[in-house]
Amino acid sequence: MFSPRTVAGSGRRQQNRTPVRKNAYGTAGSLLFTPRSRNLSARSTPTRGQSHVGETVNYDVQTFGSSLPVKVMEALTMAEADEQISVKVIESGWAWMVCGERLIIWKISQTAVAKLSVCKELQLPPSEHSYYADLLDITSSSPLESAALQSVCILVVSAEGRARFWPNLAQEGNYSETDLDLGEFCNSVVTVRGGSFIVSSLRNRLLRASVDSAGKLHFRELVQGQGVLSGIGRRVSSLFGTFLSPPANETLHSVLWVGGASCLYTLTSSGLNKWELDDTWEQHVLRWDTQRALTESIADAIWGSDSNYEEMKEGANVAYLDMKLSQCGLVVLAAAWNPSDSPCLAYFCLVTLQDNGAAISDLFTVEVTKFNPPFQSEEALHATRLVLPSSPGSTAYIYTEELVFACSTGTNRAALPEEKITFSSPGDGVRGGGCCANLPVFFSQNSGLVAVVARESASILPETMEDSLCSCLAATPEVSAMETGSRAEAVAQDDKTKLLKAAFLQFCRNDLVGAQTLTDELFPVDGEGAELDSTVVQIDLDLVDDYPASDPRWAESVPDESVGFPLTSLIILHQLEDKMKAHGCFMDFLLQVGLLERLGQVTVRSSPMATRLLLCEHAEKLQAAMALKNHHAKNTELVTRTISKALQQSNTPVPPSLTAADVFFREVSQISSALECLLEEEERSLKENQVNSVQWAETVLAVNNIIKDMLQAAGQYRETKASLYRCVEDTATEPEFVPWTASTAVRSVISRQHDIILHSVYPHADSSLRGVLCEQLVALLDIYLGGYVAQLTSLQQQRPPLAQQDRYSSLEMEYIQRRSELLHPLMELGQYQWAATLAEKYCDFDILVQMCEQTENQSRLQLYMNKFSQQNFSDFLFRWYMEKGKRGKLLSQPAAQHQQLASFLQSHQHLSWLHHIHVHDYASAHKTLYSQTNMETRYFVKKKTLLALSKLTALASDLPQDEIHKQVHEMVEQERFLLHQETLPRQLLQDKQQNPDNMPLLSAHNLIQLYICDDNRGANEYDYKKALDLLEYVEQEDQVDVQALKCDIFSKALRRDDWSTADGNDDPLDAAKDSVFVKILLKLIQEGVPLQTYLPDVTDLLDSDDLSSLKTKPYFEFVLRANYEHFLQAQM
């Protein structure tokens, strides 16, 4: 859809408007302006104070800044008659001129006499083709407005692709060069984020140039058509953008960088492209087909009323020339012509587009200007450029070498008159231009820098508001800035609201000094802040809820005490537009008189809110009201029922002379009440109409569109006008921001609609209706989740950071829960493309992973890991695999993710060694396994397995041989210890009810006790020898007496034999030769153990509790001492 400006003067049938406006710009900021005198002789060198333009009615052409630098004057004087001169002016106050292969760059002076003006001349690389100002750009590490000369960098690229880079403007001779392979002639150079540049070719090839720490240039190409949504489904709604392959032969016409949004736009012969850029990456967001979307609309705006329209449309040609950004949106300059038209004229149009983030809105405005010169050639058309001050954004300036044409973009009813300003004196011409200090500035060959400024007789206020404000001023006692404070107090001693309104009216009449003085008297800097906030809010509320008192139908309904700004328009939509304009003027007033930065906070919906943001909310509700009113014509019955129900619920009477719409749209601040009433009407319709009826589906679709358009209009205003309501840097901590579109009532409406769509409508809908429903639902959920993001962001921005950490955490948990509850149903219904759209935007990684797993789309998972690398998507995916037990997928990641997987597995060492083996890093695998082995204290089999694997990986690693031998020796020692547990008698384990496969890891002390215990019924000399061997592993354990334990082992061994049979035998050695004790001694001797020091003292042994029963037998002690003596002497 589009809104052609064809009423009362669009296109070639547009009639002259009466210039009854006032000054749209006021003062010119801090830059100097000098009115031009007339009728002075022309010279080829610019001369200040003389004018060479034709007579103008509504605009003045004024000198901008101080005198031109001498280098510029000299270059113009010495230039050949046919030498191309090109100039560019940028908002930061810098300008440069290209004359042949000379580049002169200077800072436009802020004073009348530039004593210390910055001006440098640089030599451009040799080129066979002419240079022009778009082939270079400047950047700085600090804001260019205040940047030091040595911090300014310049990149110039010749038509053939020869790039020259100056890292320091103060050093003309310090530069580097390189050749670029653009494939075609260079088109432009544009500064973007991070001190980098975008270099473009005529065939729409884009390179990003960045500078490393050594000052060397690096280039990489921006690849189109690689959006995140590509591949998940062929059908993606225009709500979230499309990605189409660019035609091979398209021509690039304009490149636009929007720093505030970090977006880059390119306008080609066939489409509009958008990129999102960070310091290190760029993402192609959308491509919009201008030929398909705009060509027919432009033809309709120009020839729509002609009798042979179809024939004219068939032969129409449209060229897209330039693109700029204003507060009203993206403005594209286009020219249309039809060769069969007689005479063949070129109709210049301004198309205003709305960027919704991931898509260009289907709603746009086509304004056909009165600038329609005879068509010469398409090449001549492309010499036409556009200058568009961002504020107010409704007045544009089209210029060629011969003239500047001031016109309206068509986005505001308050349009300044259109007028042609010619530069036709001998030798004169427009050599370039731009915006500076929010003014259109052009470089005249004869006059230098000039600004086109609306005269005092012009005003940007709508006629309705102009008359209303004047009548209100007449009804209010005059308050002159020259009178004393007592006079002001006499007007309304206790009503500062009326006095501030009077100051506002003075401001609207261009009496800025009077408005400032009265404001300072009312609200001194050291005064009470709360009173200022409440007064400002009340005035703005009066504006948005104002009564159209001049409408005779309202005569009896306007309260007597109403002292607002009565509207004179009789059309509701125009009344809303006028209120929007009045709000804009009020914001400008607050800014100019210094009140905006002093605003604090007020209480809204039982919570504190920054006053500035409440003012923004008023404007958002105006936008929502206009969206609802636009739907009134398309869904008359539904909207009429809705607003009638809203008025009934608020007990608001409708006078007989008025309609419900008149009353409802008057009180804009209560516009949100329509949302809940819409749902009630929808539920009523669903109950009354059958499922297969047309009304059943149409009502739901209409309600979705109305809610979506209302809330999107509000959100878009909040986003595009954020800078107007932004707080100053040193502002104290602001309260949490809860937009009205995220209030409890609005969230409840969206939640209810979510349930209605999925539970009541979707199951009965066919496939085509389901697609539309899902598209609408996703738009509503986008608004719902965006509200949470706004809240969380406001808490993040508090000083000190996250001052309300508990509140942030609880809100984040609520957000995550609601996000999951809203998106899961879409996924369960198989609507993957829609669920992915929101999950990508709001980083719901759980949804993204589940969808990729369900659709087995591993390539998309890899894409997400790259796109969301800064948000740790890879870690989330790896944890998800861990939690779901999908360790095979975890360890089978492609090579590109090995580094991230290794980093993740550092905290999961029980798996990281598998990854190391997978990538053949056996040294790391050994290190991890050996560490796991040493930490394993619970399970015997696990420790044994880890030890074996650690040993194998050590042998397979590329570690030095000495290191391998050392590691293997240590592991063999551990294996020896584990062997003692592995060889425990099976009978003993069965008696102890221990399973060898899952038995715990036992300590040396525990193993000794098992080997020598009475339950080990089959114990022999080998078991006791193992117990003795285990003593070396007990030494490191605390609170264990090794000698006592050794004594205990020998005493247990002595008890293992029946010594009673030895009574009466005279040979003690023969009596003990078959005992376990003697067999142990023989094994010790065999292994070379010195018994003298190893054996416990025989007395200590006899005193042990285990031998108390044998100690009473004298022969036992005799045999024991005899054997002790024998074996000790045998070893000497």
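Miscellaneous remarks
- Residue selected from region 320-345 under the condition outside any strand (DSSP E or B) and open to solvent by 60 Å² or more (accessible area, probe 1.4 Å), by the criterion farthest from PRO374 (Cα to Cα): GLN327
Residues checked against (1) surrounded by 12 or more Cβ atoms within 10 Å (Cβ to Cβ); (2) in contact (Cβ under 8 Å) with a residue 60 or more places away in the chain:
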{"residue": "LEU773", "(1), (2)": "yes, yes"}
{"residue": "LEU785", "(1), (2)": "yes, no"}
{"residue": "LEU792", "(1), (2)": "yes, no"}
{"residue": "ASP806", "(1), (2)": "no, no"}
{"residue": "ILE816", "(1), (2)": "yes, no"}
{"residue": "LEU823", "(1), (2)": "yes, no"}
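- Taken over region 316-375, the criterion of being aromatic (Phe, Trp, Tyr) and more than 26 Å from ARG718 (Cα to Cα) is satisfied by TYR320, TRP337, TYR347, PHE348, PHE371, PHE375.
- Filter result for THR369 (touching a helix residue (DSSP H, G or I) at 6+ places or on another chain (Cβ under 9 Å), free of Cβ contacts under 8 Å to residues at least 40 places away in the same chain and either farther than 24 Å from GLN575 by Cα or not hydroxyl-bearing (Ser, Thr, Tyr) (or both)): no
- Answer residue from region 1040-1055, given it is open to solvent by 70 Å² or more (accessible area, probe 1.4 Å) and modelled with pLDDT of 80 or more and is nearest to THR1112 (Cα to Cα) among those: ARG1055
- In region 750-771, residue nearest to ALA713 (Cα to Cα) [restricted to those that are among the β-branched types (Val, Ile, Thr) and surrounded by 21 or more Cβ atoms within 10 Å (Cβ to Cβ)]: ILE750
- Residue in region 1064-1072 that is assigned by the TED database to the domain that holds ILE1049, modelled with pLDDT of 80 or more and crowded, with 17+ Cβ neighbours inside 10 Å present: no
- Pick from region 413-425, criterion in contact with a Gly (Cβ under 7 Å, 6 or more places away or on another chain) and not in a strand (DSSP E or B), ranking: modelled with the lowest pLDDT: SER424
- For GLN961: the one exception among (1) within 50 Å of the chain's Cα centre (by Cα); (2) surrounded by fewer than 17 Cβ atoms within 10 Å (Cβ to Cβ): (1)
- Subset of region 176-210 that is open to solvent by less than 70 Å² (accessible area, probe 1.4 Å) and farther than 15 Å from VAL157 by Cα - its residue that is modelled with the highest pLDDT: VAL192
- Elements of the type helices (runs of 4 or more DSSP H) sitting completely within region 644-752 and holding at least 3 residues that are out of contact with any helix residue (DSSP H, G or I) (no Cβ under 6 Å at 6 or more places or on another chain) and closer than 25 Å to GLU775 by Cβ: these cover 673-688, 694-720.
- Pairs, first closer than 13 Å to CYS349 by Cα in region 307-331, second open to solvent by less than 20 Å² (accessible area, probe 1.4 Å) and assigned to a helix (DSSP H, G or I), C-beta under 9 Å, six or more apart: VAL318/THR290; VAL318/LEU294; VAL318/ILE298; VAL318/ALA299; ALA319/LEU381; TYR320/THR290; TYR320/LEU294; LEU321/LEU381
- Total residues in region 825-847, condition touching a Cys at 6+ places or on another chain (Cβ under 6 Å) and open to solvent by 10 Å² or more (accessible area, probe 1.4 Å): 1
- Residue check for THR945: outside the structural domain of TYR1033 (by the TED database), over 26 Å from SER1051 (Cβ atoms), assigned to a helix (DSSP H, G or I) and not hydrophobic (A, V, I, L, M, F, W, C): yes
- Looking only at region 1073-1103, and only at residues there that are open to solvent by 20 Å² or more (accessible area, probe 1.4 Å) and hydroxyl-bearing (Ser, Thr, Tyr), the one that is nearest to ILE1049 (Cα to Cα): TYR1094
- Residue that is least open to solvent (accessible area, probe 1.4 Å) [pool: residues in region 991-1033 that are assigned to a loop (DSSP other than H, G, I, E, B) and among the basic types (Lys, Arg)]: LYS992
- Per the listing LEU984, LEU979, the residue uniquely outside the structural domain of VAL1078 (by the TED database), out of contact with any Gly (no Cβ under 8 Å at 6 or more places or on another chain) and open to solvent by 20 Å² or more (accessible area, probe 1.4 Å) is LEU979.
- Cβ-Cβ under 6 Å pairs, at least 6 apart or on other chains, region 681-704 side at negative phi, far side open to solvent by 60 Å² or more (accessible area, probe 1.4 Å) and part of a helix (DSSP H, G or I): GLU681/ARG641; ASN689/GLN695; VAL691/HIS764
- One residue from ALA335, ALA293, ALA358 being of a type in the set (Gly, Ala, Ser), in contact with a Leu (Cβ under 7 Å, 6 or more places away or on another chain) and over 25 Å from CYS435 (Cβ atoms): ALA358
- The one condition in (1) modelled with pLDDT of 90 or more; (2) within 21 Å of LEU543 (Cβ to Cβ); (3) open to solvent by 70 Å² or more (accessible area, probe 1.4 Å) that THR720 fails to fulfil: (1)
- Restricting region 283-319 to residues that are of a type in the set (Ser, Thr, Tyr) and open to solvent by less than 20 Å² (accessible area, probe 1.4 Å), the residue that is nearest to LEU863 (Cα to Cα): THR290
- The residues in region 389-404 that are open to solvent by less than 10 Å² (accessible area, probe 1.4 Å), of a type outside the set (Val, Ile, Thr) and more than 18 Å from SER86 (Cβ to Cβ) can be counted, and the count is 4.
- Residue ranges of strands (runs of 3 or more DSSP E) in region 426-538 with at least 1 members modelled with pLDDT under 85: 448-454
- Residue ID - surrounded by the fewest Cβ atoms within 10 Å (Cβ to Cβ), chosen from residues in region 493-522 that are among the acidic types (Asp, Glu) and within 14 Å of THR535 (Cβ to Cβ): ASP494
The values are calculated or read from the model by the stated rules, or taken from the named source; none is laboratory data. Since the model is a prediction, treat every value here as computed from it, not as a measurement. Positions of Cβ are backbone-derived with ideal geometry, glycine not excepted, and every protein chain shown enters the neighbour counts. Ligands, DNA and RNA are stripped out before the accessible areas are found, and what is left, the full protein with its side chains, is counted by its heavy atoms. Shrake-Rupley method; radii C 1.70, N 1.55, O 1.52, S 1.80 Å.
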